[in-house]
1. Here's a check for you: in segment 51-81, which residue that is part of a helix (DSSP H, G or I) and over 19 Å from Leu36 (Cα atoms) is modelled with the lowest pLDDT?
2. Restricting attention to segment 13-50, and to residues there that are part of a helix (DSSP H, G or I) and out of contact with any helix residue (DSSP H, G or I) (no Cβ under 8 Å at 6 or more places or on another chain), which single residue is surrounded by the most Cβ atoms within 10 Å (Cβ to Cβ)?
3. For Pro26, which of the numbered conditions (1) within 10 Å of the chain's Cα centre (by Cα); (2) modelled with pLDDT of 95 or more fails to hold?
Amino acid sequence: MGNLYLKSGQVDKTIEQSRETLRYDPSDEVALYHLLQGLRRTKNPKGELPALTKRLAAAREQSKQKEASESRYKLYESEPN
């Protein structure tokens with residue numbers, strides 16, 4: 001939803017929707033990204049951008065590590081000829 005609000009120029013709704021999503025899942029990368037984009041368009045009156053940028057970078061790194069550990073021991077079977 002945040003993306004749709006952002007594309008339609010409803011920046012306040014983007015921020016509100018993103019914050020609501022982050023209450024339920026604080027590491028939601030998409031919500032963090034949309035919140036950052038919304039705040040950038042409002043000139044970020046509260047100065048939240050640096051902390052949110054670090055939080056998004058940490059969430060992305062955590063996702064990469066999780067994905068790497070989950071795929072580490074996958075078995076692959078070859079197609080029969």
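The values are calculated or read from the model by the stated rules, or taken from the named source; none is laboratory data. On a predicted model such as this, the values are computed, not experimentally measured, just so you know. Neighbour counts are summed over all protein chains in view; Cβ atoms, including those assigned to glycine, are modelled from backbone coordinates with ideal geometry.
1. Keep residues of segment 51-81 that are part of a helix (DSSP H, G or I), which gives 51-71.
In the following step, the residues that additionally are over 19 Å from Leu36 (Cα atoms) were identified as 64-71.
On the way: Lys64: 89, Gln65: 88, Lys66: 86, Glu67: 84, Ala68: 80, Ser69: 80, Glu70: 76, Ser71: 73.
My answer is Ser71.
2. Glu16
3. Failed condition: (2).
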